[in-house]
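Below is one structure; the comments refer to it alone.
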Amino acid sequence: MNLHLKVNKRILGISFVIVLIATIILSPVQKKLYSQAASSPRSGDAYYNFGEALQKAILFYKANRLGDLPDNYILPYRADAAMTDGQDVGLDLTGGWADAGDGIKFTHPMSYAAAQLGWAVYEYREAFEKSGQLDIILDEIKWATDFFIKAHPEPNLLYYMCGYEASDHSVWVAHELLDYVTDRKSFWVDTSTPGSDVAGSASAALAIASLIFEETDPEYAKLCLEHAEQLFDFADKYRGKNPLNTLYPSGSYLDDIAWSGVWLYIKTNNDTYLNKAMEALPAVTLGGGHTHCWDDVSYGAALKIAQVTKDPSYVAQVEKNLDFWMPDGSITYTPGGLAWLSQWGSLRYATTAAFLAFVWSDDDSVGTASKKEGYRTFAEKQVNYALGDNPRKGSYVVGFGENAPKHPHHRTAHGSWTSELTTPAYHRNILYGALVGGPDSSDGWKDDITDYTLNEVATDYNAGFVGALAKMYDMYGGEPLKNWPQPEDFIAEEDDIIEYFTRCWIVYEGYGRLNLLFQINNRSARPATMKDKLSCRYFMDLTEVFEAGYTVEDVEIKLAYHEGAKLLGLTHYEGNIYYFTVDFTGTQIMPAEWQMCEKDASVEIAYPAGIGSNDNDWSYQNLTGSPDYKATSFAGLTPYIPVYDDGVKLYGIEPPLSSPSPTPDPTGSPTPTPIVTPTPTPKPSITPTPKPTATPTPVPSGDISYNYKIVNDWGNGFQGEITVKNNSNKTYSGWTLSFNYNSSIINLWGAELVSQTGNKVIVKSPSWDNDFAPGETIILGFVANLGSGKEAPTNYVLTSN
């Protein structure tokens, strides 16, 4: 009995261990599983990973940085940008953020966004710290406040814009190319041209910065406060709106003075600032039918005044505004549950109103207690709507959640090399964390890059959203992604574009001659980069030339039409393989528009006595005719003509080298195999007999026929051909052809262009093929700019010696 008991206990113990191990193996520590998106907004639980959403929403700002970016920047598609800002006024005004999907730098909306991010840190610092985002967001805010300090070189002087609409909006290029294709003019306000709005807004951003940097960088906090106080005095003493009347025209400046004043009071406890804030923004003047935004910070200012003063009139106005946003308030609600204020950035308004509702409902010392839960529920639902709780069950944050936007209106994320919103058809870089404008009043929305109303992104759009997400994380937690992002995370799934490459076509081949059109392309997007030292190499095998007794010097390589190229002659590679280089050093090639992203050069190769074949050339592989001049095409792309940057290969395949000699065995000294250099057979020396000078004779018109056609047409230019056939039984040597033509020929092959004066064109037989034999057909191919039309040439006259 005892033995049986012991056995049972042993079995029981073993069974327990087995079950325990199985439980551990089969039930590992699980990450929080978040629910799927819903068709209407929810509240009260962690329906989304708010840690990830917060992490990505902050990351968005790095995509809009301008200036000298840090080395090993976290975004592989971004690099230094707008480095000439301020040069026109003798200052360094680099840095800060580009406003939105464009490249203009506006101090007013930028300072609003920086202040809003700083306010979020002021209210929810612990949430940022716990999520690991505190240092990241402080660094981002400092990127903006550093610019405000630069833009404020004197107490009563502030620069409010770099770049401007007419120039910037004329192109669709990455931020890295702004200096090359736009005018980065500087604009400022001073005592004669005041800007109390922009000065007050910048002052508020710096005042908040002085609060949030106090703990980590007290010296910087002190510097921010110094500029904040000077800017407040400037805004207060020299009152008026800044002169900008487009894109961001200011409605008032009193709200900005109040916004700055209340934050300076919070920082300094100086009643003067609070009194001026309340004078600029009396409670009786406050409206209720909008929310905190770049052009109306009265709502945020009133909320902070109410908190610090507990003044019933301000408290009433704050709650009047929040009540407006409630489901039973006066604002429009979409069928799907979005509190919808305007078609321009509907989500930025809803999520910023949510942030104000969170801040107000968190403060037990002021306001109507019975309303606080309703405000908090409203705020949660608006944030969740943006993250996926909507009729399309889709996120409105790029790179987050289900059915997220893929086509935000953002030039650098798009990565066009032709300055077109439609090229390519997808975004090459993922703009993580960007909150798009959002749906219309019926929840309608389309993921369309051309729709800058519903699909725009901007630094002010994300600002209130970040604060609201911090509160959601504070309530429900979440897990920021670990070891993220990596460079490959930013590459769109569809993007397999080669950034630097050569396209090449056979323009003419025959009679020991090859005419090639080379085109070097720069379609870079990670990052978009101007290159002025690009070149390509054509590798050719001269075995048959050497076997016929000729030398390298007998092979003629000639540069014909080109767009800024130089031709570097044949260079030995290995054995009988040589290469020549088409070098565009000194010519800027950049992914800015079709004339800038590619450059052409036509090269003629002529072999002695017609001896030579290109079939064994490494670079001849897969070449075809009919050049394709469309900058959106990849036709003619060949890896066998590698492209180089200052001699360093960027893309392509060079001919394989022979296997290197084995390393000698240290125990012996092997006899090296001698390298045999072929000795070419010498050519006989021929003394040419002088030819008498011939007088050109017109060829009878019936002996020659002409046919003209357009081969390729791209709008402002085209490729044409003139087919000339000798129908006689005579050979015409040293021929010259003249004709009238209304378009301007810029590249010709099949003959040599002698002149083009007005509409009179003269071409002649090429040096490598002087005779026009009976029955022979000559094809004169050319590229032309559109003149008065594309009519066929007239008045052909062929003469011969």
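Quick note: the coordinates plus some simple rules give every number you see, no bench work behind them. Owing to the predicted nature of the structure, the values given are computational and were not obtained by experimental measurement. Cβ sites come from the backbone with ideal geometry, for glycine too, and all protein chains shown count toward neighbours.
Ordered by residue, what ³J(HN,Hα) values in Hz, to whole numbers, does region 219-232 give under the Karplus form 6.51 cos²θ - 1.76 cosθ + 1.60, where θ = phi - 60° and Gly and Pro are x?
5, 5, 4, 5, 5, 4, 5, 4, 6, 4, 5, 5, 5, 4
Using only the Cα atoms of region 98-165, build the gyration tensor, take square roots of its eigenvalues as a ≥ b ≥ c, and label the shape rounded, prolate or oblate: rounded if a/c is under 1.5, else prolate if a/b is larger than b/c, else oblate.
On the way: a/c = 2.79, a/b = 1.82, b/c = 1.53.
Prolate is the answer for region 98-165, as a/c is 1.5 or above and a/b outweighs b/c.
What Kirkwood Rh does region 474-571 have if only Cα atoms enter the pairwise 1/r average? Answer in Å. It would help to have the intermediate numbers written out before the result.
Details: mean 1/r = 0.0540 Å⁻¹.
Value: 18.5 Å, from the Cα pair sum.
Quick one: if the Förster radius is 41 Å, what FRET efficiency do T332 and E215 give, using the C-beta to C-beta distance and rounding to 0.05?
So the FRET efficiency works out to roughly 0.45.
Using only the Cα atoms, what convex hull volume per residue in Å³ does region 152-284 have?
Values: hull volume 17.9 nm³, N = 133.
Each residue corresponds to 134 Å³ of Cα convex hull volume.
Determine the gain in length on full extension of the stretch L481-D363; use 0.36 nm per residue of separation and subtract their C-alpha separation, reporting nm with one decimal.
39.4 nm
If we restrict to alpha carbons, what Rg and Dmax does region 186-257 come to, in Å?
Computed over the Cα atoms of region 186-257, radius of gyration and Dmax are 13.2, 40 Å.
Starting from the Kirkwood Rh over alpha-carbon pairs, what translational D in µm² s⁻¹ does region 218-307 have by Stokes-Einstein at 20 °C and 1.002 mPa s? Please list the in-between numbers first.
Working: Rh = 13.7 Å.
Result for D is 156 µm²/s.
Relative to the longest principal axis of the chain, what angle (0 to 90°, nearest 10) does the C-alpha long axis of helix 134-150 take?
Around 70 degrees separate the two axes.
To the nearest 20 debye, what charge dipole does region 697-800 have about its Cα centre, counting +1 at the Cβ of each Lys and Arg and -1 at the Cβ of each Asp and Glu? Mind dumping the intermediate values first?
Values: 6 positive and 8 negative charges, 36 e Å.
My answer is approximately 180 debye.
Would you work out the relative contact order for the chain, in percent, from Cα pairs under 8 angstrom that are 6 or more residues apart?
On the way: 1734 pairs, mean separation 90.8, N = 801.
With pairs under 8 Å counted, the relative contact order is 11 percent.
Using only Cα atoms, what Kirkwood radius does region 285-439 have, in angstroms? Can you show the working numbers first?
Working: mean 1/r = 0.0591 Å⁻¹.
16.9 Å is the Kirkwood radius here.
What do you get when you divide the Cα radius of gyration of the chain by 2.2 N^0.38 Å, with N the number of residues?
Numbers: Rg = 35.9 Å, N = 801, 2.2 N^0.38 = 27.9 Å.
This ratio for the chain stands at 1.29.
Quick check: pseudo-label points 7 Å beyond the Cα along Cα→Cβ at I611 and T777, how many nm apart are they?
For I611 paired with T777, the spin-label model returns 3.1 nm.
For the chain, take the longest principal axis of its alpha carbons; what is the angle in degrees between that and the long axis of helix 2-26, to the nearest 10 within 0 to 90?
It works out to around 60 degrees.
Starting from the Kirkwood radius over alpha-carbon pairs of region 697-800, derive D by Stokes-Einstein at 10 °C in a medium of 1.306 mPa s and give it in µm² s⁻¹.
Working: Rh = 13.9 Å.
Here the translational diffusion coefficient equals 114 µm²/s.
Kindly state, to the nearest 0.05, the FRET efficiency for D496 paired with I710, given R0 = 41 Å and r defined as their beta-carbon distance. Write out the running numbers ahead of the final one.
Details: r = 33 Å, r/R0 = 0.80.
For D496 and I710, the calculated efficiency is 0.80.
Okay, which of region 82-112 sit inside 20 Å, backbone N to the point 7 Å along the Cα-Cβ direction of W344?
Output list for this probe position: 98-112.
On C-alpha positions alone, give me the angle between the axis of helix 196-212 and the longest principal axis of the chain, in degrees, nearest 10.
Helix 196-212 sits roughly 70 degrees off the main axis of the chain.
In nm, to one decimal, how far is the S744 label point from the D646 one, both placed 7 Å along Cα→Cβ?
With each label placed 7 Å out from Cα toward Cβ, I get 3.5 nm.
Among P766, Y160, S250, which residue has its Cα furthest toward the positive end of the charge dipole of the chain, with +1 on Lys/Arg Cβ and -1 on Asp/Glu Cβ?
So the residue we want is P766.
Suppose a student asked you for the relative contact order of region 697-800, using Cα pairs under 8 Å spaced at least 6 residues apart; what percent would you report? Don't skip to the answer; put the middle values down first.
Details: 241 pairs, mean separation 40.4, N = 104.
Computed over region 697-800, the figure is 39 percent.
Which Cα, out of F584, N740, F718, lies furthest along the positive dipole direction of the chain (beta carbon charges, K/R +1, D/E -1)?
Comparing the listed Cα positions along the dipole, F718 ranks first.
When the Debye formula is applied to the Cα atoms of region 38-105, each taken as the same point scatterer, what base-10 log of I(q)/I(0) results at q = 0.16, 0.21, 0.28 Å⁻¹?
-0.67, -0.91, -1.25
For region 450-500, which GluC sites (Glu not before Pro) are in a loop by DSSP, counting at most 10 other Cβ atoms within 10 Å? Write out the running numbers ahead of the final one.
On the way: sites: E456, E488, E493, E494, E499; in loops: E493, E494, E499.
The qualifying sites are E493.
Where Rh is the Kirkwood radius over the Cα pairs of region 50-490, the temperature 10 °C and the viscosity 1.306 mPa s, what D in µm²/s does Stokes-Einstein return?
Values: Rh = 21.5 Å.
Estimated diffusion coefficient is 74 µm²/s.
Express in nm, to one decimal, how much length is gained between N770 and Q87 on full extension, taking 0.36 nm for each residue of separation and deducting their alpha carbon distance. Numbers along the way, then the final one.
Working: separation 683, 0.36 × 683 = 245.88 nm, distance 5.75 nm.
Gain on stretching N770 to Q87: 240.1 nm.
Take the Cα coordinates of region 500-651, assign each an equal point scatterer, and use the Debye formula without solvent to give log10 I(q)/I(0) at q = 0.09, 0.12, 0.16 Å⁻¹.
At q = 0.09, 0.12, 0.16 Å⁻¹ the computed log10 ratios are -0.27, -0.48, -0.82.
When the helix-only estimate is applied to the chain (DSSP H runs of n ≥ 4, each -39,500 (n - 2.57), divided by the residue count), what is the mean residue ellipticity at 222 nm, nearest 500 deg cm²/dmol?
Working: 18 runs with 243 residues, N = 801.
Theoretical 222 nm ellipticity from helices: -9500 deg cm²/dmol.
Calculate, for E721 and Q621, the FRET efficiency according to 1/(1 + (r/R0)^6) with r their C-beta to C-beta distance and R0 25 Å; round to the nearest 0.05. It would help to have the intermediate numbers written out before the result.
Numbers: r = 26 Å, r/R0 = 1.03.
My answer for the efficiency is 0.45.
Amide H neighbours of G717 under 5 Å, at least 5 residues apart or on other chains, H built in the peptide plane: list them.
Answer set, sorted by chain and number: L786.
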